[in-house]
Amino acid sequence: MTVRPTPTLFPHTPVPALPAQGLIGVIAPAGPAPLDTDKALAWMRARGYALRIFPGVYEQEGYLAGSDDVRLNDLHAAFVDDEVDAIICLRGGYGTPRLLDRIDFELLQRHAKPFIGYSDITALHLAINRYAGFVTFHGPLLNADLLGDKQKPTEASFFNMLRGQVKTGSTLAHPVAYPLTTVEPGVAHGRLLGGNLSMIAATMGTPYEMDAEGVILFIEDINEPLYRIDRLLTHLRLAGKLDQLRGVICGDVAGVERAALERLLKQTFEPLRIPVLSGWRSGHCDPNLTLPMGALVRLDAGNQALVLEQDVVVRR
């Protein structure tokens with residue numbers, strides 16, 4: 001069994017926990033989607049929370065949820081709004097890379113709070129982790145997941161994480177109905193980072209690309225055949241990113257047969273002698289579990305466990 005030493009990394013800053021009867025802001029920094037406002041308000045009210053829906057949620061400009069200005073303004077406004085306790089994205093799609101070079105990361109850092117989403121939102125996770133330095137959450141979108149009647153672990157993981165019930169030393173829960181696969185055994189310590197593989201690759205060569213040094217990489221994707229997953233991983237390998245990793249967690253890659261995917265993972269990562277765990281349910285899948293991006297974790301691929309090594313939220 002390969003044991004990787006803990007890298008010399010400072011923990012990313014925890015964010016304030018979602019309080020009881022808190023206010024959750026809804027923004028659409030990427031693609032548009034119709035929102036049933038009454039359903040959304042009722043769903044959150046039944047769980048003790050209120051929503052503040054920002055203007056761009058109701059706009060559409062082609063494949064974008066409003067203009068770049070509208071989406072950027074909503075992102076900044078949701079962070080600055082001291083009444084908003086957490087921010088959830090309406091949907092993914094495409095659009096967040098267009099905002100990256102205009103984001104005021106110092107503003108976000110001064111008003112750090114839970115920020116949740118996946119898919120195209122991966123670009124924001126990478127950028128915020130690199131330039132604002134606080135923990136963000138690869139977790140459900142409002143429309144497709146919370147209002148989309150996904151299985152109970154989606155909601156439970158979301159609220160448990162944001163309320164601060166998952167603390168330092170906690171093993172992140174994974175439903176037994178969805179078995180994990182140890183592709184490469186071993187134990188590694190590092191910062192959990194990643195998200196949608198296509199988006200990780202799309203940021204390569206920009207100032208917002210992933211800093212992979214000492215990282216436990218999480219990847220997932222959808223609508224990408226196996227040869228494209230191979231191409232994306234090869235892109236990261238040739239860019240020198242894979243050599244810097246401490247370990248890998250692979251989520252669901254919708255549309256790809258799992259055994260074939262795991263053969264590709266073994267071919268890719270076996271030479272690196274790092275632990276690799278496959279089958280984690282987060283992203284374009286049901287259930288969709290929440291993962292803390294930027295947090296220090298321990299991956300024990302042999303025992304199929306992911307353990308938090310820092311608090312990711314703090315109660316006020």
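Here are a few things to note about the model shown:
- The numbered conditions (1) over 19 Å from C285 (Cβ atoms); (2) in a loop (DSSP other than H, G, I, E, B); (3) of a type in the set (D, E, K, R) are all true for E106 except (2).
- Counting the residues of the stretch 90-108 that are of a type outside the set (D, E, K, R) and touching a residue at least 60 places away in the same chain (Cβ under 8 Å) gives 9.
- Conditions (1) open to solvent by 30 Å² or more (accessible area, probe 1.4 Å); (2) part of a helix (DSSP H, G or I); (3) not aliphatic (A, V, I, L, M); number of the one not met by R71: (1)
- Check on L232, in contact (Cβ under 8 Å) with a residue 24 or more places away in the chain, assigned to a helix (DSSP H, G or I) and either polar (S, T, N, Q) or open to solvent by 20 Å² or more (accessible area, probe 1.4 Å) (or both): yes
- The residues in the stretch 258-316 that are over 16 Å from N160 (Cβ atoms), part of a loop (DSSP other than H, G, I, E, B) and not aliphatic (A, V, I, L, M) can be counted, and the count is 13.
- For the stretch 159-210, a tally of residues being under 24 Å from N223 (Cβ atoms) and hydroxyl-bearing (S, T, Y) returns 6.
- Residue match in the stretch 84-95 (condition: under 16 Å from the mean Cα position of the chain (by Cα), open to solvent by 10 Å² or more (accessible area, probe 1.4 Å) and among the hydroxyl-bearing types (S, T, Y)): yes
- Residue in the stretch 96-114 that is within 14 Å of P16 (Cβ to Cβ), touching a Leu at 6+ places or on another chain (Cβ under 6 Å), of a type in the set (A, V, I, L, M) and modelled with pLDDT of 95 or more present: no
The values are calculated or read from the model by the stated rules, or taken from the named source; none is laboratory data. Everything numeric here is computed off the predicted structure, so don't read it as measured data. Here the Cβ is made from the backbone with ideal geometry for all residues, glycine too, and neighbour counts use every protein chain on show. Please note that ligands, DNA and RNA were not included when accessible areas were found on the heavy atoms of the full protein model with its side chains. Shrake-Rupley method; radii C 1.70, N 1.55, O 1.52, S 1.80 Å.
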